[in-house]
Amino acid sequence: VDTINKTNSSGTWRQKTELYRNEYDNEIYGQDYLSENSFSGMFKVIYNGLSGGTPNSSENFYGKHVEDGLAGRVAFVVIPQNFGGKMPIIRQLTSKQEAVIQAGIQALESAEGEVCLPRTLKAIEKWLDEKYQLSVETMSTSIDIFRKRAASMGYRAAVISYILFGYKEKQAVIDYALWVADVVLKYQVALWGNRLENSEQVIAATSVPNLYKELPEEFTREELVNLRIINGQGSNVRTILSRWRKEGK
């Protein structure tokens, strides 16, 4: 994300977010004439927008482009905190796992034409209506805005799943579409909803201090909150308590 942010405001032309927005639908993009000696090219945008970054770097880029529609065209995923967790063990894939992956890649690369999934489409339309009702009940502008492209992303995920299942519209394909739509909407609203609602932004605690040993053997939630405040930390302790309980403390 840092690289995208730096290149977005430099080079031959600036503010390339229009290009990034066009990649969502593979739309046509072109450059206007600048002089008699310049020329314009028109092309279909096929660009892989996959990126990763810290909360701050993502906020620094996508936070500036919520209202222009870029953030609504990205499926955000927040990696869970792993404070106090063990180092991950990376194992080599088995030959059977490799074969399954390669078969999936070949199926996707050889796919052509248009795909119509009537059962999935009906489920997605029902999902859209439910989220609309939710936006009305909660008076949430962000849910109403973000739900539309979240539904589109869910349907696209279903198409991929459909191909991998051998061109069969199984229930798993429909369930996967709804799950993707839910996740996309969840994180878009969580990350950028406050900007669209034009309300005060609330930033959750992003770090978990190691204060367990400083507390008595038996302590209350209030004592933990006070200790965090003394140490310059926020008052959100749910993540800490969840981790401690998981570790059997």
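The values are calculated or read from the model by the stated rules, or taken from the named source; none is laboratory data. Everything quoted here is computed from the prediction, not taken from an experiment. Cβ coordinates were reconstructed from backbone atoms using ideal geometry, including for glycine residues, and neighbour counts include every protein chain displayed. All accessible areas refer to the heavy atoms of the entire protein, side chains included, with ligands and DNA or RNA removed. Shrake-Rupley method; radii C 1.70, N 1.55, O 1.52, S 1.80 Å.
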Subset of the stretch 175-230 [at pLDDT below 90, over 25 Å from Phe83 (Cα atoms) and open to solvent by less than 100 Å² (accessible area, probe 1.4 Å)]: Gly193, Asn194, Arg195, Leu196, Glu197, Ser199
Looking only at the stretch 138-168, count how many residues are outside any helix (DSSP H, G or I), over 30 Å from Gln102 (Cα atoms) and open to solvent by 80 Å² or more (accessible area, probe 1.4 Å). 1
Would you call Lys249 among the charged types (D, E, K, R), modelled with pLDDT of 90 or more, open to solvent by 50 Å² or more (accessible area, probe 1.4 Å) and more than 15 Å from Ala75 (Cβ to Cβ)? no
Taking into account only those residues within the stretch 16-35 that are at pLDDT below 85 and under 22 Å from the mean Cα position of the chain (by Cα), which is nearest to Tyr47 (Cα to Cα)? Leu19
I'm checking my understanding of the structure. Among residues of the stretch 36-46 that are in a loop (DSSP other than H, G, I, E, B) and modelled with pLDDT of 85 or more, which one is surrounded by the most Cβ atoms within 10 Å (Cβ to Cβ)? Val45
Looking at this structure, is Gly11 at positive phi, at pLDDT 85 or above and either open to solvent by 60 Å² or more (accessible area, probe 1.4 Å) or assigned to a loop (DSSP other than H, G, I, E, B) (or both)? no
Give the residue that is farthest from the chain's Cα centre (by Cα), with candidates limited to residues of the stretch 125-165 that are modelled with pLDDT of 95 or more and of a type in the set (Ser, Thr, Tyr). Tyr162
If a residue has to be of a type in the set (Asp, Glu), open to solvent by less than 90 Å² (accessible area, probe 1.4 Å) and either in a loop (DSSP other than H, G, I, E, B) or farther than 23 Å from Ile160 by Cβ (or both) to count, how many in the stretch 79-137 make the cut? 1
